Amino acid sequence: MSPPKKNIPDFFEENPLDPVRAATGRLAQPAGNGVRTPGKQKAGFYLTKDLLERFNRKFYELKLEGAAIDNKSALVELALKFTLDDIDRGSQSKIRKLI
């Protein structure tokens, strides 16, 4: 009796998964609610423990107050946009004065 055949993927099928795009993260990633969010990319950087705890606490305070903030990523995006807009103000920037 011969051994069972292995399932070999069909590399010539019509719509194969692109391994390069999958490996480089160029595919849309599902958000927390299952909706695909194209153009989003995971960021990797370090924050002090105190700042991270303060951020988490503030996020949950806002949620308890009924703020229309979907998730922590949305809050970070708003904070970064606000900060970058302030930096763009040049000499009038509060952030530039702190740097």
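The values are calculated or read from the model by the stated rules, or taken from the named source; none is laboratory data. Only a predicted model underlies this, so the values are computations on that prediction, with no experimental measurement involved. Cβ: placed from backbone, ideal geometry, glycine included. Neighbour counts: every protein chain shown.
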Any hit, region 23-34, residues being exposed (fewer than 11 other Cβ atoms within 10 Å of the Cβ), in a helix (DSSP H, G or I) and either modelled with pLDDT under 95 or aliphatic (A, V, I, L, M) (or both): yes
Which numbered condition T48 misses (of (1) loosely packed, with under 11 Cβ neighbours inside 10 Å; (2) at pLDDT below 95): (2)
